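The values are calculated or read from the model by the stated rules, or taken from the named source; none is laboratory data. What you see is a predicted model; the values in this text were computed from it and never measured. A quick note on method: Cβ atoms are made from the backbone with ideal geometry, for glycine too, and the neighbour counts reach across all protein chains shown. To get the accessible areas, we keep the full protein, side chains included, count just its heavy atoms, and leave off ligands, DNA and RNA. Shrake-Rupley method; radii C 1.70, N 1.55, O 1.52, S 1.80 Å.
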Amino acid sequence: MRRGLRVVVLLLLVCVAAAAVVYCFPLELADQALRFDLWRAGVHSKYIQAGSYRMHYLEASPSGNQGTPLLLIHGLGARGDDWAPMIPALAARGFHVYAPDLPGYGRSGRPDASYSISMEEAAVLQFMQAVHLTRADVGGWSMGGWVAMKLALDHPQVVNRLVVYDSAGIYFPATFGPELFTPDDVAGVRKLMAMLTPHPQPMPDFVARAALRKLQRNAWVVRRGMVSMTNGRDLLDFRLNNMQPPTLVVWGAQDELIPLSIGQTIHQDIPHSVLNIMEGCGHLAPATCARPVVESTVAFLKADPPMQGGEKTFPAEH
């Protein structure tokens, strides 16, 4: 009887401890689950010295370690893990995928630096050299799209085809301030999520507080990046007409952070570019609308000859 009581008490203590861990560290547990899922899908987590930067990256390829090189560049305050909904699917379709954490983000080093678009572009170029990529298809999301477009303009010899997803890079009158990305309370976290997706999931207070702590840990990097982006030095408004690689522009129709009109302008400014619009999707289209985004990306990258111009709207998934 006493032994059975001890077992029950022990089980209750284990349950309480597990609940406490979930309550205190929900995002850390979610990260571990995500990384386990990526590992099971054949996505490898690696580190490399890229020039003066120690960079973490995810890598996945078809069986035999072959495939068309595809480099994916994440956005402001993000990381390579954010491409997780797309990486296994792209590898299964014949691409050797590299998704680095830019300096200052994810599991890469955080040097005392400017975190400008030009700096991140240089880091991407050094990463390509470190992993022996002389030429690759390049995709960029949000700020990463800005980095990718600048890379394609400055170094067209290393970019085969270009895909940008809800990309920054040209001037537009923003409806938000830099503080959006570095909230100082739970209400600010919820405001950020509402800007990123038209269908934000309900967020319990303990999860919102964990997200706030995570955002604040990296706030100094984000602030430096925002200062650089808003000073106008790296804007591409008057350069896009010189884009050489075939380009696909993918946009969430309900993007409130960077409106669809900006995607349409980028499409108009880049000669012969293709525009794919994802209905029902916001700024997080590569994550929340991964299936049509992957389908449109693969179709563009595999087209022979390359697609030239045009616009297509993909219906919302239910």
Next on the checklist: If the reach is capped at under 23 angstrom between alpha carbons, list the lysines near Lys46, excluding any in the same chain fewer than eight residues apart.
Outcome noted: Lys214
Next on the checklist: Tell me whether the range 250-318 comes out rounded, prolate or oblate; compute the Cα gyration tensor, take square roots of the eigenvalues as a ≥ b ≥ c, and use a/c under 1.5 as the rounded threshold.
Outcome noted: oblate
Checklist entry - Which value, in Å², gives the accessible area per residue of the chain when a 1.4 Å probe is used on the protein heavy atoms? => result 48
Checklist entry - Applying the Karplus parametrisation 6.51 cos²θ - 1.76 cosθ + 1.60 with θ = phi - 60° to the phi angles of the range 192-207, what ³J(HN,Hα) value in whole Hz is obtained for each residue in order, glycine and proline being reported as x? => result 4, 5, 5, 6, 7, 9, x, 10, x, 6, x, 10, x, 4, 5, 6
Checklist outcome for this item: Taking a ≥ b ≥ c as the square roots of the Cα gyration tensor eigenvalues, with a/c under 1.5 meaning rounded and otherwise prolate when a/b beats b/c or oblate if not, the range 133-251 comes out prolate
Next on the checklist: Among Gly282, Gly232, Gly106, which one shows the highest mean-square fluctuation when the chain is modelled as a Gaussian network with alpha-carbon springs under 10 Å?
Outcome noted: Gly232
Checklist outcome for this item: Accessible-area order for Leu260, Leu90, largest to smallest, probe 1.4 angstrom, reads Leu260, Leu90
Checklist outcome for this item: At R0 = 30 Å the Cβ-Cβ FRET efficiency linking Asn231 and Lys46, nearest 0.05, sits at 0.35
Item to check | the range 138-161 and the range 209-250: distance between their alpha carbon centers, rounded to Å | outcome: 13
Item to check | Rounded percent of accessible protein surface that carbon and sulfur make up, the chain, 1.4 Å probe | outcome: 58
Checklist entry - Where does helix 26-40 land angle-wise versus the long Cα axis of the chain, in degrees 0 to 90, nearest 10? => result 60
Checklist entry - Given +1 on the Cβ of Lys and Arg, -1 on the Cβ of Asp and Glu, and no further charges, what dipole in debye does the chain carry about its Cα centre, rounded to the nearest 20? => result 1240
Item to check | Most mobile of Val163, Val147, Val298 in a GNM of the chain (Cα contacts under 10 Å) | outcome: Val298
Checklist entry - If you add up the charges near Arg224, with Lys and Arg at +1 and Asp and Glu at -1, over every other residue whose beta carbon is less than 12 angstrom from its beta carbon, what do you get? => result 0
Checklist outcome for this item: Rounded to the nearest 10 Å², the accessible area of Glu179 using a 1.4 Å probe with every protein chain kept is 120
